[in-house]
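Accompanying notes for the structure given below.
The values are calculated or read from the model by the stated rules, or taken from the named source; none is laboratory data. Treat the numbers as computed from the prediction; the structure is a model and nothing was measured. Cβ: placed from backbone, ideal geometry, glycine included. Neighbour counts: every protein chain shown.
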Amino acid sequence: MTSDLERRGTHWLGAKRIDLESCASTNDEAARFARAGAIHGTVVIAERQDAGRGRDGRAWASPIGGLYFSAVMRPPLPLADVPPLTLAIGIAVCDAARAFGAAAQLKWPNDVLVADQKLAGVLVETQSQGGRLDSVIVGIGVNLEVVPPEVAHRATALHVERERFIAELIAQLEVWTDRYIACGLEMIVPAWQERMAPGLSARATINGVSTVGELAGIDGDGALLLRDPSGIVHRVRSGDVEVIRPLPGSDRVLSPDA
């Protein structure tokens, strides 16, 4: 019998798959397997997580029904070139959701939205030895069929059969990871901007002053561009900025977790 992955033409991602009923974090499990020598393309999938996390250590609600997925990758990249890989991963998750009819869009740097509601998040972590990259752990959480009650006011779910979505996600991840490794940000940036959610703002510290401005895309190095109220466009680093959502018809803004 031909598998979904064979039909989709995937080659390395998902070559080994580890399914868990539950764990603290699939990223932690994947990192542990990577340290033990797991091959490039190993994926870890859990039914639920007890301590799922997102960017900056924020908790990621992980009840049964969602998809909690991490991949071990060993790309031929210097450490400095790993952070922009998050953009390519975001495109892959977005396109996987779109394959099932979702009007998915990207929120910098690592969220997938549908109608301003969070559908999925990405967390990319690295392991290195002696200044050299050993492995990249790509973590993805997707709300499938269920929206955790604690985030119901700002999240949505994709209603699709789990294994069908996993097969599509793996195929898209392989395509966009390979493109980034082969071509760098030159191919990734325009693709990411085409999928960027409109109407988002961000708060950043610019020249020592906290400024709220309109998102104006990303530059050729993957840095966020912020247009301040005077119309000046600033290039900001991830550590200096947080994306916020404007309330419809209001100047008031919500925090990233609102």
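Here are the numbers for this structure:
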quantity	calculated
Failed item in (1) of a type in the set (A, V, I, L, M); (2) within 21 Å of residue 78 (Cβ to Cβ); (3) at pLDDT below 95, with residue 181 passing the rest	(3)
Residues satisfying the stated conditions in the range 196-241, i.e. within 19 Å of residue 94 (Cβ to Cβ) and in a loop (DSSP other than H, G, I, E, B)	197, 198, 199, 200, 222
Selection from the range 128-164 of residues that are surrounded by fewer than 16 Cβ atoms within 10 Å (Cβ to Cβ) and assigned to a strand (DSSP E or B)	128, 129, 132, 134
Residue match in the range 56-71 (condition: at pLDDT 95 or above, crowded, with 16+ Cβ neighbours inside 10 Å and in a loop (DSSP other than H, G, I, E, B))	no
Residue among 134, 178 that alone is more than 23 Å from residue 46 (Cα to Cα) and more than 18 Å from the chain's Cα centre (by Cα)	134
Cβ-Cβ under 6 Å pairs, at least 6 apart or on other chains, the range 73-95 side assigned to a helix (DSSP H, G or I), far side basic (Lys, Arg)	94/195
Single residue of the range 24-48 satisfying the filter (over 12 Å from residue 70 (Cα atoms) and not in a loop (DSSP other than H, G, I, E, B)) that is modelled with the lowest pLDDT	48
